[in-house]
Ligand SMILES: [Zn+2]
Ligand SMILES: [Zn+2]
């Protein structure tokens, strides 16, 4: 056997072994649905089972044009709904992909607390598509995640919003900037607070420098919009002209 034949045979063998390894791994660790934990073998995409996919309450037409709240009795008002009208928030517009309910809640949880970093890819892609369907600009001067305080970043090891922002920036071909917006106060987790406290908790927690033009602010979840509004205020104080907010859950 000539040397090149040996090399070619080894290549074929190596490719068979690699396929075999993949098959064995799938058999031992079948891909599990990030929404409910059942096996997604045979389904596409392999990060969500068909049942969970069917349950996601996607937000589309009819959402509040200003704050992105899901369709409701006042959501058709162009200047804002009952949620956002009394005190106009500092961002230009906000939109979300899905209502914050099962299984969107579990997906955010899996990304944030179960370390399923690979979820940032499909969720980020859905968010980039929502940017387009919500009628936001096609490109931004920068894509900025809602930052964690450095103490929390150290204990968690990553910022889930930064993972999402990186994916979105890639899809929109806009620069990702992690150096513009900082959380200067370690606020309490919004998830643990009442609605009233959620509004005041993030006040004054953010500081920005060197922002400009159109900014896309990225967060995994937006509830009252107060964190996004505080971030937008800091970005505008630092020179941003317009701040659009995109979240996965809303
Ligand atoms: Zn599922
Ligand atoms: Zn609204």
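The values are calculated or read from the model by the stated rules, or taken from the named source; none is laboratory data. Every value quoted in this text rests on a predicted model; they were computed, and no experiment measured them. Heads up, the Cβs are rebuilt from the backbone with ideal geometry, glycines too, and the neighbour counts pull from every protein chain shown.
Observations
- Matching residues, region 222-243, being part of a strand (DSSP E or B) and buried (at least 21 other Cβ atoms within 10 Å of the Cβ): 240, 243
- A residue that is modelled with pLDDT of 90 or more and in contact with a strand residue (DSSP E or B) (Cβ under 9 Å, 6 or more places away or on another chain) can be found somewhere in region 81-91.
- Residues located in region 41-79, provided they are within 12 Å of ligand 2 (Cβ to nearest atom) and at pLDDT below 75: 72, 73, 74, 75, 76, 77, 78, 79
- Residue count for region 208-220, restricted to those that are in contact with a helix residue (DSSP H, G or I) (Cβ under 6 Å, 6 or more places away or on another chain) and more than 20 Å from residue 135 (Cα to Cα): 2
- Beta carbons closer than 8 Å, at least 6 apart along the sequence or on distinct chains, pair a first residue in region 65-92 that is closer than 18 Å to residue 200 by Cβ with a second that is more than 8 Å from ligand 2 (Cβ to nearest atom) and modelled with pLDDT under 80 for 83/72.
- Condition met for residue 35 (surrounded by fewer than 13 Cβ atoms within 10 Å (Cβ to Cβ) and at pLDDT 70 or above): no
- Within region 44-55, being more than 17 Å from the chain's Cα centre (by Cα), more than 9 Å from ligand 1 (Cβ to nearest atom) and either in a loop (DSSP other than H, G, I, E, B) or touching a residue at least 40 places away in the same chain (Cβ under 8 Å) (or both) holds for 44, 45, 46.
- A single entry from 162, 134, 104 fulfils the requirement of being within 17 Å of residue 232 (Cα to Cα) and in contact with a strand residue (DSSP E or B) (Cβ under 6 Å, 6 or more places away or on another chain): 162.
- Qualifying residues in region 112-145 (those that are under 17 Å from residue 68 (Cα atoms) and in contact with a helix residue (DSSP H, G or I) (Cβ under 7 Å, 6 or more places away or on another chain)) - the one surrounded by the fewest Cβ atoms within 10 Å (Cβ to Cβ): 128
- Filter result (within 8 Å of ligand 1 (Cβ to nearest atom) and farther than 29 Å from residue 93 by Cβ) within region 30-43: 33, 36, 37, 38, 40
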